[in-house]
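The values are calculated or read from the model by the stated rules, or taken from the named source; none is laboratory data. As the structure is a computational prediction, the values presented were derived from the model and not from experiment. Using ideal geometry, Cβ is built from the backbone for each residue, glycine included, and neighbour counts are taken over all protein chains shown.
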Amino acid sequence: MQPTLRPDDRVLVRHCPWQAVPLGALVVVELPEGSRLIKRLSSRGDATFAVRSDAPVQARDSRQLGSFSPCQLVGQVTCAFDATGTLWIPQ
C-alpha cells in the first residue's frame with residue numbers, strides 16, 4: 001500500500017460490517033489462499049465490494065482479483081505505527 005503504508009508499518013484493524021466502512025477507507029481483505037492485503041475500499045454492490053491500491057501499476061487489487069464477498073473483509077484500518085513506534089492515522 002505504498003505510498004500510504006511502508007513495509008515496516010503495523011496497523012490496528014477494527015472488525016466491522018463491510019457496509020459500515022466508508023468508501024476510500026483502508027481495509028484488510030483475506031484472499032482464498034489465506035493471505036491478507038491492505039487496500040482502499042473503492043466500491044460497494046449489493047453483495048460484493050471492490051478494493052484498489054494506492055500504487056496501481058505494481059499492485060494486486062480488484063482489477064486483477066475481481067470483487068470480494070463480505071466474509072473476506074477482515075476490517076477497517078483505524079491507525080498505523082511506523083518502525084519507530086509513532087502512531088498515525090492513515091488517510
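List pairs: first in segment 63-85 and within 17 Å of residue 29 (Cβ to Cβ), second acidic (Asp, Glu) and surrounded by fewer than 16 Cβ atoms within 10 Å (Cβ to Cβ), Cβ under 9 Å, 6+ apart or cross-chain?
The qualifying pairs are 68/30; 71/30; 72/30; 73/30; 74/30.
Is one or more of the residues making up segment 2-23 in contact with a strand residue (DSSP E or B) (Cβ under 8 Å, 6 or more places away or on another chain), loosely packed, with under 15 Cβ neighbours inside 10 Å and within 19 Å of residue 57 (Cα to Cα)?
No, that holds for no residue.
Go through segment 5-36 and give me each residue that's of a type in the set (Asp, Glu) and either free of Cβ contacts under 8 Å to residues at least 60 places away in the same chain or touching a Pro at 6+ places or on another chain (Cβ under 8 Å) (or both).
Hits for segment 5-36 are 30, 33.
Does any residue of segment 72-80 turn out to be surrounded by fewer than 17 Cβ atoms within 10 Å (Cβ to Cβ) and assigned to a loop (DSSP other than H, G, I, E, B)?
Within segment 72-80 (the criterion being surrounded by fewer than 17 Cβ atoms within 10 Å (Cβ to Cβ) and assigned to a loop (DSSP other than H, G, I, E, B)), the answer is no, since none of the residues qualifies.
For the list (1) of a type in the set (Val, Ile, Thr); (2) exposed (fewer than 11 other Cβ atoms within 10 Å of the Cβ); (3) out of contact with any strand residue (DSSP E or B) (no Cβ under 6 Å at 6 or more places or on another chain), I need the number of the one condition that residue 89 fails.
Of the numbered conditions (1) of a type in the set (Val, Ile, Thr); (2) exposed (fewer than 11 other Cβ atoms within 10 Å of the Cβ); (3) out of contact with any strand residue (DSSP E or B) (no Cβ under 6 Å at 6 or more places or on another chain), the odd one out for residue 89 is (3).
Please verify whether segment 43-56 includes one or more residues that are outside any loop (DSSP other than H, G, I, E, B), without any contact (Cβ under 8 Å) to a residue 24 or more places away in the chain and out of contact with any strand residue (DSSP E or B) (no Cβ under 8 Å at 6 or more places or on another chain). So that I can check it myself, show each step before the final result.
Just the residues of segment 43-56 that are outside any loop (DSSP other than H, G, I, E, B), to begin with: 43-44, 49-52, 56.
Those still in the list that are without any contact (Cβ under 8 Å) to a residue 24 or more places away in the chain too: 43, 50, 52, 56.
With the extra rule that they be out of contact with any strand residue (DSSP E or B) (no Cβ under 8 Å at 6 or more places or on another chain), the set shrinks to 56.
Checked against the condition, which is being outside any loop (DSSP other than H, G, I, E, B), without any contact (Cβ under 8 Å) to a residue 24 or more places away in the chain and out of contact with any strand residue (DSSP E or B) (no Cβ under 8 Å at 6 or more places or on another chain), segment 43-56 yields at least one hit.
Consider segment 7-36. How many of its residues are more than 20 Å from residue 88 (Cβ to Cβ) and outside any helix (DSSP H, G or I)? Write out each step before concluding.
First, the residues of segment 7-36 that are more than 20 Å from residue 88 (Cβ to Cβ): 15-20, 23, 29-36.
Okay, now just the ones that are also outside any helix (DSSP H, G or I), so 15-17, 23, 29-36.
Of the residues in that region, 12 qualify.
Hey, could you check segment 48-61 for residues that are at pLDDT 95 or above and over 11 Å from the mean Cα position of the chain (by Cα) and say which is surrounded by the fewest Cβ atoms within 10 Å (Cβ to Cβ)?
Filtering first and then ranking leaves 48.
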